[in-house]
Amino acid sequence: MTAAELLLLAGYNPERIRSEGAFAKLCGACPIPASSGRTNRHRLNRGGNRQANAALHRIVVTRMRGHRPTIDYVARRTSEGKTKPEIMRCLKRYVAREVFSMIRRRSLATPDAP
């Protein structure tokens, strides 16, 4: 179901999504500056497809529980002083980047269907 949500976002014409950043924006996983004063931080975009964002969230939570490279990444970023929401924002963007590359690779490999 999670993969289906992300594939539905791409639709029948994945070529319309021109870049990884555009896909992340459609998913609601692009960073928006939320800095004030001396604090330099970002937050997730509240726009975009809510179902795709929820799918990314499920993927990130699952990876944080059982995917060894992700667990190591979370431990490293926590030691750097990042909060859990900030780490999840970074992971959502990373997953969106992975999904976009898979969709793009798949759309280039298959001929257009009617």
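Here are a few things to note about the model shown:
- What the Cα convex hull of region 2-109 gives, in volume per residue, is 103 Å³.
- Under 5 Å from the amide H of His42 lie the amide H atoms of Ala34, each residue being 5 or more positions distant or on a separate chain, with H modelled from the backbone and absent for Pro and chain starts.
- J(HN,Hα) series, region 20-27, from Karplus relation 6.51 cos²θ - 1.76 cosθ + 1.60, nearest Hz, glycine and proline x: 5, x, 5, 5, 4, 5, 5, 7
- Relative exposure of Leu8, Leu26, Leu56, judged by other C-beta atoms within 10 Å (fewest first): Leu8, Leu26, Leu56
- On the beta carbon distance between Arg58 and Glu80, with R0 = 30 Å, the FRET formula returns roughly 0.75.
- FRET efficiency estimate (nearest 0.05) - Cβ-Cβ, Arg65 to Ser36, R0 35 angstrom: 0.60
- Between helix 84-109 and the chain: long-axis angle, C-alpha atoms, 0 to 90°, nearest 10: 20
Every number here is computed from the coordinates shown, using simple stated rules; none is lab data. Treat the numbers as computed from the prediction; the structure is a model and nothing was measured. No Cβ is skipped: glycine too gets one built from the backbone with ideal geometry, and neighbour counts run over all protein chains shown.
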